[in-house]
Every structure is written in structure tokens, then in C-alpha cells.
Amino acid sequence: MTARSVILPEPLEAFVEAQIASGACPDADAVLAAAVDLLQREQRREAAKVERFKALIQEGLDDLDAGRFEIVDDLGAWFDQIEAELDEASHAA
């Protein structure tokens, strides 16, 4: 494990101290480790979202290429129709 010296701005230092005082973490190392872990999880989640969006975009492009689409002249009416269909389906279930 590499030793690091970290200088935090006062608000962050106060937060670290509050975490220790509350018993949430035993020491500053644990607070910082938890913060880094949280950042890693958030970055993985964001990367997964990007990959999912890319897959959905590709699916849409494939549908366009295959002619699987409809032209919508009135987007508001189209959304209203979808909402009505969802309402019908939920009442039928």
C-alpha cells in the first residue's frame, strides 16, 4: 500500500472529522477509502449507462436500416396515445 499525504480544504477536512467523531469511520484513511470506493462505483455505473445508450442507439439505427419505424407528425398526440394504451393495459391487468 502506498502512503499518501492529502491536503483537504477546510470543509472536506471538517467532513472527515465529523465522520470519525460520529463513528461512521474509524479514521481518516477509512473515510478517504470509502470516498474513493464510492467514486469508483459511480464511474462504473456511468460507464455502464454510456454502453447501454450506445447499444440503444445502435438498435435504433438498425431499426431505421431495416425500415422498422413510424413517422410521427404530432409528438404530443403520439405520447398521449402511448399513455392511453398504458392506462388500458394497467386497468386490464
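Each value in this text was obtained by applying a stated rule to the coordinates, not by laboratory testing. It should be emphasised that the depicted structure is a prediction, and the values quoted were computed from it without experimental measurement. Please note: Cβ atoms are built from the backbone with ideal geometry, for glycine as well, and neighbour counts cover all protein chains shown.
Looking across the range 7-40, just one residue is surrounded by fewer than 10 Cβ atoms within 10 Å (Cβ to Cβ) and among the charged types (D, E, K, R), and that is E10. Of the numbered criteria (1) loosely packed, with under 11 Cβ neighbours inside 10 Å; (2) touching an Asp or Glu at 6+ places or on another chain (Cβ under 7 Å), the one R4 fails is (2). Only one entry in A92, A84 is of a type outside the set (F, W, Y) and surrounded by 10 or more Cβ atoms within 10 Å (Cβ to Cβ), namely A84.
For the range 68-79, check the following and say yes or no: at least one residue is surrounded by 10 or more Cβ atoms within 10 Å (Cβ to Cβ) and in contact with a helix residue (DSSP H, G or I) (Cβ under 7 Å, 6 or more places away or on another chain). Checked the range 68-79: at least one residue is surrounded by 10 or more Cβ atoms within 10 Å (Cβ to Cβ) and in contact with a helix residue (DSSP H, G or I) (Cβ under 7 Å, 6 or more places away or on another chain).
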